[in-house]
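Trainee: Quick one: the structure is below, questions incoming.
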Number of protein chains: 2
Amino acid sequence: MHRYLPILTWGKTYSRTAFSNDMVAALIVTIMLIPQSLAYALLAGLPPEAGLYASILPIILYAIFGTSRALAVGPVAVVSLMTAASIGAIAETGTAGYAIAALTLAFLSGGFLLLMGIFRLGFLANFLSHPVISGFITASGVLIAASQLKYIFGISAQGHTLPELANSLFNGLPQTNFITLTLGVLATAFLFWVRKGLKPLLLKAGLSATGAEFGAKAGPVFAVALTTVAVFALNLKDKGVAIVGEVPQSLPPFTLPDISPDLLSALIGPAILISVIGFVESISVAQTLAAKKRQRIDPNQELIGLGAANLGAAFTGGFPVTGGFSRSVVNYDAGAETPAAGIFTAMGLAVAALALTPLIFFLPKATLAATIIVAVMSLVDFSILKKTWAYSKADFAAVLTTIVITLGAGVEIGVSSGVVLSILVHLFKSSRPHMAIVGQVPNTEHFRNILRHDVEIHPEILTLRVDESLYFANARFLEDQIYDLAAQRPDLKHVILLCSAVNAIDMSALHSLEAINERLAASGVTFHLSEVKGPVMDRLLRIDFQKKLSGQIFLSQHQAITTLTLRTAEMG
Amino acid sequence: MHRYLPILTWGKTYSRTAFSNDMVAALIVTIMLIPQSLAYALLAGLPPEAGLYASILPIILYAIFGTSRALAVGPVAVVSLMTAASIGAIAETGTAGYAIAALTLAFLSGGFLLLMGIFRLGFLANFLSHPVISGFITASGVLIAASQLKYIFGISAQGHTLPELANSLFNGLPQTNFITLTLGVLATAFLFWVRKGLKPLLLKAGLSATGAEFGAKAGPVFAVALTTVAVFALNLKDKGVAIVGEVPQSLPPFTLPDISPDLLSALIGPAILISVIGFVESISVAQTLAAKKRQRIDPNQELIGLGAANLGAAFTGGFPVTGGFSRSVVNYDAGAETPAAGIFTAMGLAVAALALTPLIFFLPKATLAATIIVAVMSLVDFSILKKTWAYSKADFAAVLTTIVITLGAGVEIGVSSGVVLSILVHLFKSSRPHMAIVGQVPNTEHFRNILRHDVEIHPEILTLRVDESLYFANARFLEDQIYDLAAQRPDLKHVILLCSAVNAIDMSALHSLEAINERLAASGVTFHLSEVKGPVMDRLLRIDFQKKLSGQIFLSQHQAITTLTLRTAEMG
């Protein structure tokens, strides 16, 4: 019971200190989340209030079911972009159908996460390789920033790929509204400055560290307030500056997803992608923060927590949510001790949704766009290209392809090809394992690569060490190598496969070993294994592999060489 | 030049002995191939002469470009079935469109094989795991036998899956032609007997081994001759026995594939599957035969040889071909020394196509069906299920799924899901590697699993050995394990990852190691590596991993423990 409801564990020992720490953290996070929620709703193609709705019940449900003490759940940039990309193909932005599709996407995503958690399939998310995710996030950041430029220029533009967006923006440039552009550029510049310059300034001005942090995080709120007042005071609405306009004053509404088969089948693929990407991002944040206090994150319970959060979003007019990086770090740094901080944040946002929405009537969309652009710039990190180039060309190719395809063909194709590619890269790398012919280091029991060391070898014995587990992708490569080596050595009597680096042998590789054994035997060569690891040996014993083998399985390579040279000497 | 034209190598030293041996082998293989070629054309849904055409130019082209000295190329059962399955969806059997689609399929398949060979991509075929192929071939054998039963019963039936075929056959049973059934059953029984009983009988009767072999291989020819004469003499054609009928007397015609985009896009998928399956089967036969004489097979040159053979089939009225198992073994056993045997076989078949086709006018289709059924029964081998069950449950699941899907949904979906499944099974198995906490065997430098051995451990040091290469599918699992272990040990000061079984670390795993390092450091624990292998170390050095590491990289685990216990003692 405690496993599925982590709230029972931390709730039992909840203290007054924890309460006051959680309240402070919640206040800071709430102030940070108000403009962010509105902005991500805009990014997802939804009315701004949807961002607030998606932050209220989901946070509470995660606090009940999640295992991270600091994770803050809600709309995040990449997931909002993926939402826009998948729903944009189905419905027109601004229609009721679009909003219903968005909450249906959250519903499917929540159901999928919940099922993954219940069946403990969290490990499946591991099939997304890290460089592919990095590349994907970077490319998404670029796409997000590009998609927001239209609000900064005050023009209309659309598209889900970089060429589409660039083309559309370029065509719209003559319609630029220069007042909007001025507002947008000022807001962006201000927000960049707040990120870098405000906190040191506040510290210098004598504020406490927490105070300075609070001030810096409230930067976007200043930007919102200032530009809203400017639009109102200078009547910029009539000069063509796009504003947020009327936002209903209400708690999140009760909504129902649309479960018509057509919509479900159109959304299930995107829902799975969104769930997996959201989960991977969220768990990484949660683990980073948990490790600092040696707390545990249970990945499968996290799936349940995020699944519940998304179902919550689906039934309260929201859209897909996940654990956000910056808000969770702020929550942690501000001293949040338990998920109760999340519950207090939800209350703060509920108050905002009920009482504060009339205040943002004149909020220019350009300010929200500026908030998004500044936020996603921290996601864009092309250094992964440099790093993979230095470390592994195969990984570099996977990252580069993911970035290019995401930018050129959109997020869904981008991340899918990344996954397929990273699997192919792995298979490719292990399909041609490192192999070495080894000989004995004189007067020792050590055996080393004949190309690198001065070692003793026997013309009638060939010892091959293979530095990889044997499985279908490299089994036939091993066969080819052994047949080639055998064909080159007319005096050969024995082949020994030194298995010290073989952690596993799958059925295909077993079949290849049997084929090698038979084919070598047909040409008068005996086949042996040496230094087979315990778990691998257990399996081989289970199917009586030794009986089929023309040679022996030796415990050590030294024993193999001693036995075989003795035998050859006796026969010679 | 010699690499791309193996004929230059063996042709230069071609001797009179080789010539006479090749001629004898060619004669035996020709006699065996005549009924087989006709039968496989029938299986592919084509007129019988297509089988002869597909055996003439392809054999010659393979003799020029292929590297196997004994491989006999032509129509084979599984590829013919796949041809029928893929073209059946596009055109009606018996139409000109069907025949053109078949040769277009050979064209695409040939082009694909040729490209794979030129770009040396033969290793891609290794991604088909052996158990999946075994399961697929077995299921195909069952489908092929089932598809031929209609000829034995003299009824009409169709379908590409076992349920379709069974249903269609059951509905047709009332129309059974009992004369056809009698002929079919007698022919099948005779052919089974020939396989098992004729050779010993001929040997007992005093024939030489070669003679007996020849007699046994000619069994199908006897069956063809006897049943043809019976149909002619007893006028069974008028009693409803389906016969082959008029077959043109001609050398292979010159034909052109249809390169309309619609057809090409419909056939490219099947062409790739057929190429890969055909290549895998062919290379396995070629390697088995080559190993007996310590000859070399070059997989990439084999792709070129098979590609040329298929292009040859495309331009001479044929359909997809590959190296056949039984005919190659017969060719080898009959003494074929060089691919010239193939050229002589092609000549024999050309004579048959020119002169002998009127003789098979009255040949009942039931006889050809019997030939196929008896031939494919040797492909059906459910023992792979038993073997994988004993060796590896994961491989068992992959085989069973491949068999069930192939029977239930057809060959294309069957083999595709097999491929995907075997990759997933591999990722799944390596995603949760075996890990052991190790301690020092007292008074030695050996470190063993604390669960299995009586070893010394230190409460402030945790040494974890991971028995698998680290890559994206298991990187986060390693993270989870280490965080969990660290969370359970309040006294922990050092974590050592013993890397003696780690053959590779990919970029994702590197990122995980960095994350582990940072997160452990955040909680005051130092992270070390020990016994890192040379190639892995080279990569880590390239990116200055040591500088980021809070701890050290130790050459040996013993050195690690000695250094760290000393350091802890000094500090304590």
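Trainee: Could you check what % of the DSSP bridge pairs in the stretch A:435-571 are antiparallel, to the nearest 5?
Mentor: Bridges in the stretch A:435-571 are about 35 percent antiparallel.
Trainee: So which aspartates and glutamates can B:Lys365 reach, going by Cα to Cα under 20 Å and dropping same-chain residues fewer than 8 places off?
Mentor: The reachable aspartates and glutamates, counting only those whose Cα sits under 20 Å from B:Lys365, are B:Glu49, B:Glu92, B:Asp238, B:Glu246.
Trainee: What's the center-to-center distance, using Cα atoms, between the stretch A:243-258 and the stretch A:527-572 in Å?
Mentor: 73 Å
Trainee: In sequence order, what are the phi-derived ³J(HN,Hα) couplings for the stretch A:458-468 according to the Karplus relation 6.51 cos²θ - 1.76 cosθ + 1.60 with θ = phi - 60°, rounded to whole Hz, with x for glycine and proline?
Mentor: Once θ is set to phi - 60°, the couplings for the stretch A:458-468 become 10, x, 8, 10, 10, 10, 10, 9, 10, 9, 5 Hz.
Trainee: For every other residue with a beta carbon closer than 14 angstrom to the beta carbon of A:Phe362, add +1 if it is Lys or Arg and -1 if Asp or Glu, then tell me the sum.
Mentor: Around A:Phe362, the charge tally is +1.
Trainee: Restricting to bridges with both residues inside the protein assembly as shown, how much of the DSSP beta-bridge set is antiparallel, in percent to the nearest 5?
Mentor: Percent antiparallel among DSSP bridges in the protein assembly as shown is about 45.
Trainee: For B:Lys12, give me every one of the aspartates and glutamates with a C-alpha distance below 20 angstrom, ignoring sequence neighbours fewer than eight places off in its own chain.
Mentor: B:Asp22, B:Asp298, B:Glu337
Trainee: At 1.4 Å probe size, with no ligands or nucleic acids counted, give the accessible surface of A:Arg465 in Å², nearest ten.
Mentor: Surface open to solvent at A:Arg465 totals about 50 Å².
Trainee: Any idea of the total accessible area buried by the B-A contact, 1.4 Å probe, rounded to 100 Å²?
Mentor: 6400 Å²
Trainee: In the stretch B:128-146, what residues drop by 40 Å² or more in accessible surface going from the chain by itself to the full protein assembly, probe 1.4 Å?
Mentor: Listed by number, the residues meeting the 40 Å² cut-off are B:His130.
Trainee: Among DSSP beta bridges whose residues both lie in chain A, state the antiparallel percentage, nearest 5.
Mentor: 45 percent
Trainee: Now for a separate question. Can you list, largest first and rounded to whole Å, the semi-axes you get for chain B by taking the square root of 5 times each eigenvalue of its Cα gyration tensor?
Mentor: Calculated on Cα positions only, the semi-axes equal 59, 26, 22 Å.
Trainee: Starting from the Cα gyration tensor of the stretch A:435-571, take the square roots of the eigenvalues, sort them a ≥ b ≥ c, and report rounded, prolate or oblate (rounded when a/c is under 1.5, otherwise prolate if a/b is larger than b/c, else oblate).
Mentor: It is rounded, given that a/c, with a ≥ b ≥ c, falls under 1.5.
Trainee: What's the carbon and sulfur percent of chain A's accessible surface, probe 1.4 angstrom, rounded to a whole number?
Mentor: With neighbouring chains kept in place, the figure for chain A is 65 percent.
Trainee: As a check on your grasp of the helix formula, calculate [θ] at 222 nm for chain B: sum -39500 (n - 2.57) over DSSP H runs of n ≥ 4, divide by the residue count, round to the nearest 500.
Mentor: One gets -20500 deg cm²/dmol as the mean residue ellipticity at 222 nm.
Trainee: Would you jot down the residues in the stretch A:447-495 that end up with at least 40 Å² less accessible area in the complete protein assembly than in the chain alone, with a 1.4 Å probe?
Mentor: Checking the loss per residue gives A:Phe472, A:Arg476, A:Asp480, A:Asp484, A:Ala487.
Trainee: Compare A:Thr176, A:Thr17 by solvent-accessible area with a 1.4 Å probe and give them largest first, with all protein chains kept in place.
Mentor: A:Thr17, A:Thr176
Trainee: Given the C-alpha centroids of the stretch A:443-481 and the stretch A:68-101, what is the distance between them in whole angstrom?
Mentor: 55 Å
Trainee: When only Cα pairs under 8 Å and 6 or more residues apart are kept, what is the percent relative contact order across chain A?
Mentor: Value for chain A: 23 percent.
Trainee: What does the accessible area per residue of the stretch A:6-400 come to in Å², with a 1.4 Å probe and no ligands, DNA or RNA counted?
Mentor: The answer is 38 Å² per residue.
Trainee: How big is the accessible area of B:Glu445 in square angstrom, nearest 10, if you roll a 1.4 angstrom probe over the protein chains?
Mentor: Counting only protein heavy atoms, B:Glu445 exposes about 120 Å² to solvent.
Trainee: Let me ask something else about it. So, in Å, what gap is there between the alpha-carbon centers of the stretch A:173-221 and the stretch A:301-350?
Mentor: What the calculation gives is 25 Å, centre to centre.
Trainee: Pop the C-beta distance of A:Phe19 and A:Asn171 into the FRET formula with R0 = 56 Å and round what comes out to the nearest 0.05.
Mentor: Efficiency computed from Cβ-Cβ geometry: 0.50.
Trainee: Follow-up. Amide H of A:Ser556 versus every other amide H placed in the peptide plane: which residues, excluding those fewer than 5 positions away on the same chain, fall under 5 Å?
Mentor: When sequence neighbours closer than 5 places are left aside, the close amide H contacts are A:Glu531.
Trainee: Let me ask another. Averaged per residue, what accessible area in Å² does the stretch A:435-571 show with a 1.4 Å probe, protein chains only?
Mentor: Value returned for the stretch A:435-571: 43 Å² of accessible area per residue.
Trainee: Hey, what's the Kirkwood Rh for the protein assembly as shown if you take every pair of different alpha carbons, in angstrom?
Mentor: 33.8 Å
Trainee: Check B:Thr463: other-chain or 5+ apart residues with amide H under 5 Å from its amide H, H built from backbone geometry?
Mentor: When sequence neighbours closer than 5 places are left aside, the close amide H contacts are B:Val438, B:Ile496.
Trainee: Can you list the residues in the stretch A:272-313 whose accessible area drops by at least 50 Å² when all protein chains are present, compared with the chain alone? Use a 1.4 Å probe, heavy atoms only.
Mentor: A:Gln287, A:Ala291, A:Arg294, A:Arg296
Trainee: Which pairs in the list A:Lys548/B:Lys196; A:Lys548/B:Lys387; B:Lys393/B:Lys533; B:Lys196/B:Lys217; A:Lys293/A:Lys386 are over 21 Å apart, alpha-carbon to alpha-carbon?
Mentor: A:Lys548/B:Lys196; B:Lys393/B:Lys533; A:Lys293/A:Lys386
Trainee: Based on Cβ point charges of +1 for Lys and Arg and -1 for Asp and Glu, what charge dipole magnitude is obtained for the protein assembly as shown about its Cα centre, in debye rounded to the nearest 20?
Mentor: 1000 debye
Trainee: Can you list residues from other chains, or at least 5 along the same chain, whose modelled amide H is less than 5 Å from the amide H of A:Thr526?
Mentor: Amide H neighbours of A:Thr526: A:His494, A:Val495.
Trainee: Could you order B:His528, A:His130, B:His160 by accessible surface area, starting with the largest, using a probe radius of 1.4 Å?
Mentor: Per-residue accessible area, sorted high to low, gives B:His160, A:His130, B:His528.
Trainee: Round to the nearest 0.05 the FRET efficiency obtained for B:Ser260 and B:Arg448 when R0 = 45 Å and r is the Cβ-Cβ distance.
Mentor: 0.10
Trainee: Which sequence of B:Met116, A:Met23, A:Met435 reflects their accessible areas, 1.4 Å probe, from the largest down?
Mentor: Ranking B:Met116, A:Met23, A:Met435 by accessible area, largest first, yields A:Met23, A:Met435, B:Met116.
The values are calculated or read from the model by the stated rules, or taken from the named source; none is laboratory data. Just so it is clear, the model here is predicted, and its values are computed rather than measured. In this analysis, Cβ positions are derived from the backbone assuming ideal geometry, glycine residues included, and neighbour counts consider all displayed protein chains. Note: areas computed on protein heavy atoms with side chains; ligands, DNA, RNA excluded. Shrake-Rupley method; radii C 1.70, N 1.55, O 1.52, S 1.80 Å.
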